[in-house]
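Working notes, structure below.
Here, each number is a calculation from the coordinates, and none is a lab measurement. Remember, it's a predicted structure, so these values are computed and weren't measured experimentally. Cβ placement follows ideal geometry from the backbone for every residue including glycine, while neighbour counts extend to all protein chains displayed.
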Amino acid sequence: MGSDANSFIPRSLRFALNVPVVLYLRDHMASGRSINVSDSGMLVRFDQTLEIWLKGHLCVVAGEWHLSIDVHIIRVEGQLTALAYEIGSEGDRATIRKLIELADHNLAAPAA
């Protein structure tokens, strides 16, 4: 019964990224700062505690870049919130690549 060792999928590498973000939800918004980014999602400390499984539109401001992507909340520990990207297009993939590139450029060390 357990997991097949050959089916193990390693966790995505996380890269430190400290930029302002805004999450637009159906009936309100939350502001915060990113902590790290990966090719599957982002860890953010928001100004409020959010509910798991909510979907929203994440907007990120990093220097001259204004990036946005749809996300859903997959983990919440107080104001610390893990978001998973909802990838629906090549444009979404380009946004994720740009976020990781910004992390590499600004703070090249992988984050836990």
- Here the relative contact order (percent) of segment 22-79, from C-alpha pairs under 8 Å and at least 6 apart, is 31
- Task: Would you mind computing, in nm to one decimal, how far apart the modelled labels at R75 and W53 are, each placed 7 Å from Cα along Cα→Cβ?
- Result: 1.9
- Message: How many angstrom lie between the Cα centre of segment 76-99 and the Cα centre of segment 15-50?
- Response: 9
- For segment 13-111, with equal point scatterers placed on the C-alpha atoms only and solvent neglected, what are the log10 I(q)/I(0) values from the Debye formula at q = 0.22 1/Å, to two decimals? -1.14
- Message: Just to be sure I understand the model, the point goes 7 Å from the Cα along the line to the Cβ. What's the resulting R11 to R26 distance in nm?
- Response: 3.1
